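The values are calculated or read from the model by the stated rules, or taken from the named source; none is laboratory data. The structure presented is a predicted model; accordingly, all values stated were derived computationally and were not measured. Positions of Cβ are generated from backbone atoms using ideal geometry, with glycine treated the same way; all protein chains shown enter the neighbour counts. Side chains are part of the model used for accessible areas, which takes the heavy atoms of the whole protein and leaves out ligands, DNA and RNA. Shrake-Rupley method; radii C 1.70, N 1.55, O 1.52, S 1.80 Å.
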Amino acid sequence: MEFFAQLFINGLSIGFLYALSALGFVMIFKSSSVLNFAHGELLALGAFFFLILSVWAKLPIVLCFLVTLVGCFALGFIIERLFLRPLIGEALIEVIMLTVGLSAMFKGLMLLIFGGNLHNYPDFLPEALSIQWGAISVPSVYVSSFIIGLIFLGVFGFFFKYSSHGIYMRSVADHQPAALSLGVNVRRVFALSWAIAAVVCAMSGIVLGIINGINVHQLSTMGLKVFPVVILGGLDSIGGAILGGIIIGLLENFTGGYISTSLREVVPYIVLVLILLVKPYGLFGSEEIERV
Amino acid sequence: MRKLRFRPCGNFKEYYEQELTIFETDFGRMWMWIGLFLLLFVVPFVGSPYTLYVLNNIAIAAIAAIGLNILIGYTGQISLGHGAFFGVGAYSAAILATKAGFPFWLSVILAGAVTAIVGMIFGIPSLRLKHLYLTIATLAGQFIIEYVLVHWESLTGGAEGIILPEPTIFGLNVSADRAFSWVVFFSFAVMCWMAVNLARSRYGRAFVAIRDNDRAAEGMGIPLFRYKLLSFGISSFYAGFAGGLWAYYTVSITPEPFTLFLSIEYIAMIIIGGLGSISGSVFGAVFIIMLNEILSQATQYIMNLGAFAGIALTVAPLREFVFGLAIVLFLIFEPRGLAEVWRIIRSSFRLWPFAY
């Protein structure tokens, strides 16, 4: 029973991380229906940005955090401006392939600069955050990631629901020509969505880095694991992404604990194929019925 | 017999047959025969072992790239699992050769057939899914196949892999670079011929119709699912065939090369070469394999220079970076790839001294 509970807690916290890292992905998909295959690399970029500031430049942690956020916001803008803007209006295939190319490019670049080793952040989380409950323990990183996740979810919920930019983004996602004709600046919305996505990715990247250490390969695998999560939840639903993340996290941990450790890595993808066959729009995704 | 004539300035086609011909002028046909002659009877004799090694790799990669181009370029179904299918081909050839004792040629062809079946299984999601979702399904296929290759140890030998017997055809041992290059070049020529002719058959036109507008294609009476599945099958057959050849060529295979990165490499090939063009796939294969060779030579050269001795340069990340950069640059600046560049160069020669 204790084993089960520990697996459950681990699965829950890892699942929450998946959900957190899926947010940036859903963000881009929601506004421009681009599948971002460079997602893992965005996570890694944010994490390394923070690493440079905190370990190499030795700035205070809060300042590092803020600078990373601003820097990644700018980075997202630049990525959109340089690489995605020229392809507006092209076929979706080409945009998807572009993100595949971007992912290879960024990954190679980061491997060249930082190498494939594991890097670590200095310890800065207060121990008081960790929860000890009988034999079950929840380390402080998980608690803090949970808190950060909740804050972000709340902020984004409000952003999409009430702010004018959030409403523009939803309108573009809903029907691009209609949004254009009503005077929404679609280009700015795309740029903004990439910028925000980069910020969210940086946040998740930092949290992941605190937990597992930062490693380019690991983070880019993490980026691909976003796909089962978002497909399960429904591609364009933030709530779905969270639930999907938690389900996938639990599933992974239970498979790892009870069946075999090696199967753990591949279980999400098996689930992914099954969902695609049975219910391609996921749990909460908007169903566009088109039978061809 | 028609006379040798140059291509006229302008479009004087009167029949659909003229639109469908492969060679618009007899010069084109002549160059094809000359090229084939050079490839089969001159290159294997004059090439050094290293040149032949590179050319063999190019030809094998080109076969697989043609397969992927049929799927992505002609049918418009993105697949991120081509590297894994290549691996399935390599493993099926190895297993058929070692466990069942099949001869070389039969096991390579059967490897193609096995891969075609596996590819069709992963193509089944295309029944309900459009490209976006399908891409994700093939990504899942990539990971599942990788897992199976590593963990089905009784069949695949796990991480240790399989060592293949030496390939023989009609009792002749063809394992050396030179002898194997005939096998590879010949299969390359046959596969090219098949693909070019497939593209202008009813199947090829149906694929293009599906790519351009699947609803219209369905409306014109093309059974979408069957044709999409067929496209997956053909594309995987090419991948499997190439994988089988590669397995015999490298002698010992492990699951390591068949990662997502290999799939991306093939995507890079067809984007750089040109989507929806058979010659483009060949150009792309030449470009990527040459780039690979140049990069590894260059890093070796730089490592040996005294000034850079402290810097440990490794090829893999550099390759990844350059491939990614190449994909991005081609997509932004020349989305139709090298095939289009080649066409522009040819037509500017033809039209000289006029601009168009």
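Tell me the carbon and sulfur percent of the accessible area for the protein assembly as shown, rounded to whole percent, probe radius 1.4 Å.
68 percent
Are there any residues in segment B:135-167 with a reduction of at least 10 Å² in accessible surface when going from the isolated chain to the assembly of protein chains? Probe 1.4 Å, please list them by number.
Those residues are B:Thr135, B:Ile136, B:Ala137, B:Leu139, B:Ala140, B:Phe143, B:Ile144, B:Tyr147, B:His151.
Just grab the label-to-label distance for A:Ile259 and A:Ser140, each label 7 Å out from Cα along the Cβ direction, in nm (one decimal).
Those two pseudo-labels are separated by 3.7 nm.
What FRET efficiency would be calculated for the residue pair B:Arg200, B:Leu329, taking the C-beta separation as r and a Förster radius of 25 Å, to the nearest 0.05?
0.20
Which entries in A:Lys161/A:Lys279; B:Lys99/B:Lys228; A:Lys107/A:Lys225; A:Lys107/B:Lys228; B:Lys13/B:Lys228; A:Lys225/B:Lys228 show an alpha-carbon gap greater than 23 Å?
With Cα atoms farther than 23 Å apart: A:Lys161/A:Lys279; B:Lys99/B:Lys228; A:Lys107/B:Lys228; B:Lys13/B:Lys228; A:Lys225/B:Lys228.
Checking understanding here: applying a Kyte-Doolittle mean of at least -1.0 and a length along the axis of at least 18 Å (C-alpha), which whole DSSP H helices in chain B pass?
B:49-69, B:82-98, B:104-123, B:131-151, B:177-199, B:224-250, B:260-273, B:278-304, B:315-333, B:337-351
Any idea what the dipole of segment B:73-189 comes to, in debye rounded to 20, about its Cα centre with Lys/Arg Cβ at +1 and Asp/Glu Cβ at -1?
Rounded to the nearest 20 debye, it is 400 debye.
Considering all alpha-carbon pairs of segment B:171-274, what whole percent are spaced by more than 20 angstrom?
Here the long-distance tail beyond 20 Å is 55 percent of all Cα pairs in segment B:171-274.
For segment B:46-351, what is one quarter of the convex hull surface built on the Cα atoms, given in nm²?
Averaging across all directions leaves 18.8 nm² for the Cα convex hull.
Using 0.36 nm per residue of separation minus the Cα-Cα distance, give me the extension gain between A:Asn117 and A:Val278 in nm, one decimal.
In short, 54.0 nm is gained.
Counting only complete DSSP H runs, which helices of chain A cover 20 Å or more along their long axis at the Cα atoms and score a mean Kyte-Doolittle of 1.0 or above?
Once both thresholds are applied, what remains is A:2-32, A:61-79, A:92-114, A:140-162, A:186-212, A:216-233, A:238-254.
Round to the nearest 0.05 the FRET efficiency obtained for B:Thr168 and A:Ile151 when R0 = 60 Å and r is the Cβ-Cβ distance.
So, using R0 = 60 Å, E works out to roughly 0.35.
Once each part is reduced to its C-alpha centroid, what is the distance from segment A:83-101 to segment A:150-206 in angstrom?
Using only Cα atoms, the two centres lie 19 Å from each other.
Using only atoms on other chains, find how many Cβ atoms lie within 10 Å of each Cβ of peptide A:274-283 and report the average.
3
Can you give me the C-alpha center-to-center distance between segment A:1-51 and segment B:178-239, rounded to a whole angstrom?
Computed from Cα coordinates, the inter-centre distance equals 38 Å.
Run lengths n ≥ 4 of DSSP H only: what is the helix-derived mean residue ellipticity at 222 nm for chain B, with -39500 (n - 2.57) per run over all residues, to the nearest 500?
Value at 222 nm, helices only: -22500 deg cm²/dmol.
For chain A, what is the accessible area per residue in Å², given a 1.4 Å probe and the full set of protein chains?
Using a 1.4 Å probe on heavy atoms only, each residue of chain A averages 42 Å².
In vacuo Debye scattering of chain A, one point per C-alpha: log10 I(q)/I(0) at q = 0.09, 0.10 Å⁻¹?
Once normalised to I(0) and log-transformed, intensities are -0.43, -0.53.
Below 8 Å between Cα atoms, with a sequence gap of 6+, how large is the relative contact order for chain A in percent?
37 percent
Residue separation times 0.36 nm, minus the C-alpha to C-alpha distance between A:Phe3 and A:Val55: what's the value?
Working it through step by step, the gained length comes to 15.1 nm.
Name the residues of segment A:85-105, by number, that are at least 20 Å² less accessible with every protein chain in place than in the isolated chain; the surface is that of heavy atoms, probe 1.4 Å, without ligands or nucleic acids.
When all protein chains are present, A:Pro86, A:Leu87, A:Leu92, A:Ile93, A:Glu94, A:Ile96, A:Met97, A:Leu98, A:Val100, A:Gly101, A:Ala104, A:Met105 each give up 20 Å² or more of accessible surface.
Multiply the residue gap between B:Thr51 and B:Phe349 by 0.36 nm, knock off their C-alpha separation, and tell me the result in nm, one decimal place.
104.3 nm
State, in square angstrom and to the nearest 100, the accessible area buried between chains B and A, both chains counted, probe radius 1.4 Å.
Answer for the B-A pair: about 4000 Å² buried.
Calculated FRET efficiency, A:Arg170 and B:Asn213, Cβ-Cβ r, R0 25 Å, to nearest 0.05?
Efficiency, from the Cβ-Cβ distance: 0.30.
Per residue, how much accessible area does segment B:46-351 have with a 1.4 Å probe, in Å²?
It amounts to 41 Å² per residue over segment B:46-351.
Name the residues of segment B:251-270, by number, that are at least 30 Å² less accessible with every protein chain in place than in the isolated chain; the surface is that of heavy atoms, probe 1.4 Å, without ligands or nucleic acids.
Residues of segment B:251-270 that lose at least 30 Å² of accessible area once the other chains are added: B:Ile264.
What whole-number value in cubic angstrom gives the convex hull volume per residue for the C-alpha atoms of segment A:1-132?
150 Å³
Stokes-Einstein diffusion coefficient for the protein assembly as shown at 4 °C in a medium of 1.567 mPa s, Rh from the Kirkwood formula over Cα pairs: what value in µm²/s?
Translational diffusion coefficient: 49 µm²/s.
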